[in-house]
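The values are calculated or read from the model by the stated rules, or taken from the named source; none is laboratory data. Every value quoted in this text rests on a predicted model; they were computed, and no experiment measured them. As a convention, Cβ positions derive from the backbone with ideal geometry for all residues, glycine included, and neighbour counts pool all protein chains shown. Surface areas here come from the heavy atoms of the whole protein model, side chains and all, with no ligands, DNA or RNA. Shrake-Rupley method; radii C 1.70, N 1.55, O 1.52, S 1.80 Å.
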Amino acid sequence: MSAVTLDNTAAPTRRSGRRAPGDALVAGTSHTMLILWSVIVIVPFCWVLLSSFKTSKEILASPFSLPAEWSFDNYVSAWTKAGIGTYFFNTVIVVGTALVLVMLLGAMCAYVLARFEFFGRNFIYYSLLGGLTFPVFLVIVPLFFVLQGIGLLNTLPGLIMTYVAYALPFTVFFLYAFFKTLPDDVYEAAMMDGAGEWRTFFRIMLPMAAPGMSGVAIFNFLGLWNQFLLPVALNTDRDNYVLTQGMASFSAQAGYNVDFGALFAGVVMTVLPVLVVYLIFQRRIAGTVSTGTFR
Amino acid sequence: MSASATDATAAGLPEENPWGAPPRRRRRKITLDRAFFMAVFLGLPVAVFVIFVVIPIGQALFYSLTDWSGFSPVMNVVGMDNYVKLLHDDTFLKALRNNVLLTIVVPFVSLVAALTIAVVVTTAGPSTGQVRGLNGSGFYRVVSFFPYAVPAVIIGLLWAQVYDPAAGLLNGMLTGIGFEGFTDYAWLGEVRAAMPASMFVMIWANIGFYTVLFVAAIKGVPAEIYEAARIDGAGRFRTALSITLPSIRDNVQTAYIYLGILTLDAYVFMAALNPGGGPANSTLTMSQHLMNTAFKKGQFGYATSMGVVLALVTLIFAALVFTVFYLAGGREKKPKRNTPAFFAHGRPLQMLKAREGSQEEEVRR
């Protein structure tokens, strides 16, 4: 503490005025820094958006000019010829189904773990915790053969089940903390009124957990939409490609003959849904980040 | 900045607990209905987890001891041979070195930058009046978090285009401001530049998420502590070092481990930026080498042993981070964290306070 008092002999006079002279300097430097950073974040996206309206020739000849005419040709050709349309629907099906399943299974598991006492409860809880920390690469090879063994390799249901399994630990942990905070009295009142366990869960506990559920759902949505490794290893049938995978192969296979305009249009179409979700829910996401990691 | 009630819901918390008392839990009688209920509710999720996660882990440990090629039924148990072979696999060792380098540089730079931004937008405002952040900090928060919402592959593809020698944004801008030497500099094609360029992309993609995390953590620190420090005459820099950093030490530790695990994997970014492993394998990672060995060369047994090594390295890394933070004084914080007043319903009380704070408080921080 003495150090703090020592190096601040001049402080009281400096801060006594209505405005400290240092403030403007600090604010100026900080704003410059942050604006620079924002520019570095935003400009690549703007460049991609701009390029998505140009022809490939235009992109190579004059990468930074405005497009000669604003046409949606690239979007049409990416959607149909490059297969982005198919990939998009695959992604919607896989992510949508996996999201519903993981939220339901995660809520069920977390509810039982958090509110019932039974033998082996801690063991299950900590096994799930372990599932959160190890790298997926350890299991990618056996997983391939597990899916092959049950006949789900290269199918959308196989991909959905894998997504569910790997999103489950995160979901359970978050909702576990949440179900723990719900008051016991409500449960007992429901029991008293003659509702069974099932009814109590679906009609009372689950709706009460809705705020927590929606936070986790957003995070799971972002995570699953962005998933790349699992489809690349387990979903090699071109008709079943998801967006991220399709985009990667689209850019890789064509090499130097790549249709740049369509590639950029594909990027825009992949980013747009998540951008919308993000802008709508960004405050909730910020809240979830803190809740999830303070545990 | 909306009212705090929506904030509470936004945080995924119940807005308030009208029952007041913490939840009681008691051992209940196991009825038939309840047993069936628990069997279904626990059985389904656990079955999915066991089939797709636990069993593959067990198999991985076994396969790593065999010479299995994956497609023939022939499988000989070769003991530690795969691991011995790994020690002499120059490509793998190069990939391991690349991973270690990534894990040293990327988390450190990302977290220093994220912490700086978080501190500036929360506590670096005017030094008179209440402690608050810079004006317009909400904008910076929203913008810088945005890359987190974009799929990592897309970020990789996007930056591969930005780095493109002929038509890329970066060279265009550099030549535009007079650096003629960059007319067609191949950022991802030069041994010297490929790794730093790839690291920059990973840092770029991660800063926003950790900024948001730290902002939330700093908001959880009671404002009185900052007021007191200011009255004692501490400047911004002093406050950041002596108050903010120790207060959110646990968050920094968690973030360091998350980011470290992410960079030990690094597959997605590297696969998108440099599918072939970069010039002279300069950006090849263990995960890329593993995928090639398994799915291109069909050496599944050998590939799983790489997975085991990767998992071990991850564990060692986590243990190292814990040790370093412990030695650096993390243990002094522990008793405080565990005092009952600090926790409410299994969650830090200070966080609930931050969420339930008045609207005015929400605006000023």
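Scan (1) within 7 Å of chain A (Cβ to nearest Cβ); (2) farther than 28 Å from A:Pro273 by Cβ for the single condition B:Asn99 breaks and write down its number.
Exception for B:Asn99: condition (1).
Do we find that A:Phe118 is outside any helix (DSSP H, G or I) and either open to solvent by 40 Å² or more (accessible area, probe 1.4 Å) or at the interface with chain B (Cβ under 7 Å from one of its Cβ atoms) (or both) in this structure? Step through it out loud before you land on a result.
Numbers: outside any helix (DSSP H, G or I): yes; either open to solvent by 40 Å² or more (accessible area, probe 1.4 Å) or at the interface with chain B (Cβ under 7 Å from one of its Cβ atoms) (or both): yes.
Yes; evaluated as a whole, the condition is true for this residue.
In segment A:215-223, is there at least one residue being in contact with a helix residue (DSSP H, G or I) (Cβ under 9 Å, 6 or more places away or on another chain), within 9 Å of chain B (Cβ to nearest Cβ) and among the small types (Gly, Ala, Ser)? Break it down stepwise before answering.
Restricting attention to segment A:215-223, the residues satisfying the condition of being in contact with a helix residue (DSSP H, G or I) (Cβ under 9 Å, 6 or more places away or on another chain) are A:215-223.
Now narrow it down to the ones that are within 9 Å of chain B (Cβ to nearest Cβ): A:215-216, A:222.
Next cut, among the small types (Gly, Ala, Ser) only: A:215.
Within segment A:215-223, one or more residues are in contact with a helix residue (DSSP H, G or I) (Cβ under 9 Å, 6 or more places away or on another chain), within 9 Å of chain B (Cβ to nearest Cβ) and among the small types (Gly, Ala, Ser).
Yes or no, residue by residue, for (1) modelled with pLDDT of 85 or more; (2) assigned to a helix (DSSP H, G or I); (3) open to solvent by 10 Å² or more (accessible area, probe 1.4 Å); (4) not hydrophobic (A, V, I, L, M, F, W, C):
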{"site": "A:Asn154", "(1), (2), (3), (4)": "yes, no, yes, yes"}
{"site": "A:Ile160", "(1), (2), (3), (4)": "yes, yes, yes, no"}
{"site": "A:Tyr163", "(1), (2), (3), (4)": "yes, yes, no, yes"}
{"site": "A:Phe170", "(1), (2), (3), (4)": "yes, yes, yes, no"}
{"site": "A:Phe178", "(1), (2), (3), (4)": "no, yes, no, no"}
{"site": "A:Tyr187", "(1), (2), (3), (4)": "yes, yes, no, yes"}
{"site": "A:Phe201", "(1), (2), (3), (4)": "yes, yes, no, no"}
{"site": "A:Met205", "(1), (2), (3), (4)": "yes, yes, no, no"}
{"site": "A:Gly212", "(1), (2), (3), (4)": "no, yes, no, yes"}
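Being within 30 Å of B:Arg238 (Cα to Cα) and assigned to a loop (DSSP other than H, G, I, E, B) narrows it down to one of B:Arg141, B:Arg132, so name that one.
On the way: B:Arg141 fails: assigned to a loop (DSSP other than H, G, I, E, B).
Result: B:Arg132 is the single residue among B:Arg141, B:Arg132 that is within 30 Å of B:Arg238 (Cα to Cα) and assigned to a loop (DSSP other than H, G, I, E, B).
Going by the conditions given, is B:Thr116 assigned to a helix (DSSP H, G or I), hydroxyl-bearing (Ser, Thr, Tyr), within 12 Å of chain A (Cβ to nearest Cβ) and surrounded by 14 or more Cβ atoms within 10 Å (Cβ to Cβ)? Give the steps one after another, and end with the answer.
On the way: assigned to a helix (DSSP H, G or I): yes; hydroxyl-bearing (Ser, Thr, Tyr): yes; within 12 Å of chain A (Cβ to nearest Cβ): yes; surrounded by 14 or more Cβ atoms within 10 Å (Cβ to Cβ): yes.
In short, yes.
Restricting attention to segment B:240-265, which residues are open to solvent by 20 Å² or more (accessible area, probe 1.4 Å), more than 20 Å from the chain's Cα centre (by Cα) and hydroxyl-bearing (Ser, Thr, Tyr)?
B:Ser242, the sole residue that qualifies.
Considering only residues that are more than 7 Å from chain B (Cβ to nearest Cβ) and under 17 Å from B:Phe62 (Cβ atoms), look in segment A:141-152 and name the one that is most open to solvent (accessible area, probe 1.4 Å).
First pass over segment A:141-152, keeping only residues more than 7 Å from chain B (Cβ to nearest Cβ): A:144-145, A:147-152.
If we keep only those that are under 17 Å from B:Phe62 (Cβ atoms) too, we end up with A:144-145, A:148-149.
Working: A:Phe144: 24, A:Phe145: 28, A:Gln148: 90, A:Gly149: 66 Å².
For segment A:141-152, the residue satisfying everything is A:Gln148.
In this structure, does B:Pro151 turn out to be in contact with a Ser or Thr (Cβ under 9 Å, 6 or more places away or on another chain) and open to solvent by less than 10 Å² (accessible area, probe 1.4 Å)?
Values: in contact with a Ser or Thr (Cβ under 9 Å, 6 or more places away or on another chain): yes; open to solvent by less than 10 Å² (accessible area, probe 1.4 Å): yes.
Taking the combined requirement at face value, the residue satisfies it.
Taking helices (runs of 4 or more DSSP H) that fall entirely within segment B:237-339, which contain at least 2 residues that are within 10 Å of chain A (Cβ to nearest Cβ) and aliphatic (A, V, I, L, M)?
Those helices (runs of 4 or more DSSP H) span B:249-265, B:267-273, B:286-291, B:300-325.
Give the residues of segment A:214-245 that are in contact with a Gly (Cβ under 8 Å, 6 or more places away or on another chain) and at pLDDT below 90, sorted by residue number. Before you say what the answer is, go through the steps one by one.
Our first condition is that a residue be in contact with a Gly (Cβ under 8 Å, 6 or more places away or on another chain); within segment A:214-245, this holds for A:214-216, A:219, A:234-235, A:238, A:241.
Scanning segment A:214-245 gives A:Ser214, A:Gly215, A:Val216, A:Phe219, A:Arg238.
Being at pLDDT 85 or above and part of a loop (DSSP other than H, G, I, E, B): is that true of B:Gly208 here? Explain how you work it out, then say what you get.
On the way: at pLDDT 85 or above: yes; part of a loop (DSSP other than H, G, I, E, B): no.
Considered against the rule, which asks whether it is at pLDDT 85 or above and part of a loop (DSSP other than H, G, I, E, B), B:Gly208 comes out as no.
Checking A:Val41 against (1) surrounded by 15 or more Cβ atoms within 10 Å (Cβ to Cβ); (2) in contact (Cβ under 8 Å) with a residue 24 or more places away in the chain, which test does it fail?
For A:Val41, the failing item is (2).
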